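Every read-out reported here was derived from the displayed coordinates using simple, explicitly stated rules and does not represent laboratory data. Note that the coordinates shown come from a computational prediction; the quantities given were computed from them, not determined experimentally. Don't worry about glycine lacking a Cβ; one is built from the backbone with ideal geometry, like all the others, and counts go over all protein chains shown.
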Amino acid sequence: MQSIALLIGLSMVATTGPAEPQSGRWITLGTTTLRLNSSQGMVRVRGTDRYREVRLCVERRPVRINSARIEFARGGPQVLPIRRVVDSGNCTGPDALARSNMRTVRVDFERLRSGARPIVSVQARW
């Protein structure tokens, strides 16, 4: 009986293909630690897929994010006017992407407190 269950389990594993991206699930594409002596940060992203939306998430310290400039492999940039404080552990609202193949995201920011350097992550979903 155990051998039959084992064979059924193995056949299910063998016929299962790679996992498909899940629609609506946020995926982290890149992260950077913001520098103390700068008001801009750059995140290199692995964005070869066609994502629908993007957001920025912050850790360690709150940050006022003024804007984000997304550079793509082809075509012009897309500027997201964010203009709000993002607390540690929170993210900006989702913004629709104009095209695919993101390469970099430049973040224009203001640090609100001294101490540990904030970490900004770029997340996207289908």
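Summing charges over all other residues whose Cβ lies under 10 Å from the Cβ of Arg61, with Lys and Arg as +1 and Asp and Glu as -1, gives +2. Taking amide H positions as modeled 1.01 Å from N, with prolines and chain starts lacking one, the residues under 5 Å from Asn101 and 5 or more places away or on another chain are Asp49, Tyr51. Each residue, Arg64 and Arg25, gets one label point 7 Å from its Cα in the Cβ direction; the gap between the two is 3.8 nm. The Cβ shell under 10 Å around Ala116 holds other residues with a net charge of +3, Lys and Arg each +1, Asp and Glu each -1. With R₀ fixed at 22 Å, the C-beta to C-beta distance from Arg50 to Arg84 puts the FRET efficiency at about 0.20.
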